[in-house]
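Enquirer: The structure follows.
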Amino acid sequence: MLRLGIDLVEVDRVERLCRRFGREGLARLFTVRELEYAYSSSRLCHQRLAARLAAKEAFIKAWGGPVPFRKIEVAKREGVPVIEHAGLEYPLSLTHTRELAIAVTAWDSSGRGRGPQALLQDR
């Protein structure tokens, strides 16, 4: 069965979270690596965090049940974004503008436990 998740986050919402909770408060939602990447660009920081928040929400929708946000990490492999969870990588597509961030993830649930590399080899 195809597992599909999509989410849209307003960048202003994340900007308000940053002002309200600061970087330390955001550590409840994001991993250290995610925060380091986002804060490495003051111009893109809120967009990057919004995209990662959308990715986590999209993953939870595709997963079909609750997953703690800090157990989901958005990373890059050879310049391509992926979701890391429980030692596996899942495919991810991200895009953002100044106003919105969107994330989509999809995988075949029969491949759960094998990661997307094996799924791509099955084609």
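Enquirer: Output the residue which, of all residues in region 48-66 that are of a type in the set (Gly, Ala, Ser) and over 17 Å from Glu84 (Cβ atoms), is surrounded by the fewest Cβ atoms within 10 Å (Cβ to Cβ). Even if it seems obvious, please write down each step before you answer.
Expert: In the first step, residues of region 48-66 are kept if they are of a type in the set (Gly, Ala, Ser); the result is 50-51, 54-55, 58, 62, 64-65.
Next, only the ones that are over 17 Å from Glu84 (Cβ atoms) stay: 50, 64-65.
Values: Ala50: 28, Gly64: 11, Gly65: 6.
This residue is Gly65.
Enquirer: Restricting the search to region 19-42, which residues are assigned to a loop (DSSP other than H, G, I, E, B) and buried (at least 19 other Cβ atoms within 10 Å of the Cβ)?
Expert: Across region 19-42, the qualifying residues are Leu29, Phe30.
Enquirer: In addition: Consider Cys45 against the criteria (1) under 20 Å from Arg3 (Cα atoms); (2) of a type outside the set (S, T, N, Q); (3) surrounded by fewer than 20 Cβ atoms within 10 Å (Cβ to Cβ): it satisfies all of them except one. Which criterion is unmet?
Expert: (1)
Enquirer: Which of the residues belonging to region 67-83 are surrounded by 19 or more Cβ atoms within 10 Å (Cβ to Cβ) and over 17 Å from Leu49 (Cβ atoms)?
Expert: Val82
Enquirer: Using beta carbons and a limit of 6 Å, which pairs, at least six apart or on different chains, have the first residue in region 64-80 and farther than 14 Å from Asp7 by Cβ and the second one outside any loop (DSSP other than H, G, I, E, B) and among the aliphatic types (A, V, I, L, M)?
Expert: Ala75/Val82
Enquirer: Could you tell me whether any residue of region 8-18 is under 23 Å from Trp107 (Cβ atoms), at pLDDT 95 or above, of a type outside the set (D, E, K, R) and not in a helix (DSSP H, G or I)?
Expert: Taking region 8-18 first, the residues under 23 Å from Trp107 (Cβ atoms) are 8-9.
Now restrict to residues that are at pLDDT 95 or above: 8-9.
Now drop any that are not of a type outside the set (D, E, K, R), which leaves 8-9.
With not in a helix (DSSP H, G or I) added as a condition, the list becomes 8-9.
The answer is yes, given that some residue of region 8-18 is under 23 Å from Trp107 (Cβ atoms), at pLDDT 95 or above, of a type outside the set (D, E, K, R) and not in a helix (DSSP H, G or I).
Enquirer: Determine whether Phe30 is touching a Gly at 6+ places or on another chain (Cβ under 9 Å), under 19 Å from Thr95 (Cα atoms), among the hydrophobic types (A, V, I, L, M, F, W, C) and at pLDDT 95 or above.
Expert: Taking the combined requirement at face value, the residue does not satisfy it.
The values are calculated or read from the model by the stated rules, or taken from the named source; none is laboratory data. Remember, it's a predicted structure, so these values are computed and weren't measured experimentally. Don't worry about glycine lacking a Cβ; one is built from the backbone with ideal geometry, like all the others, and counts go over all protein chains shown.
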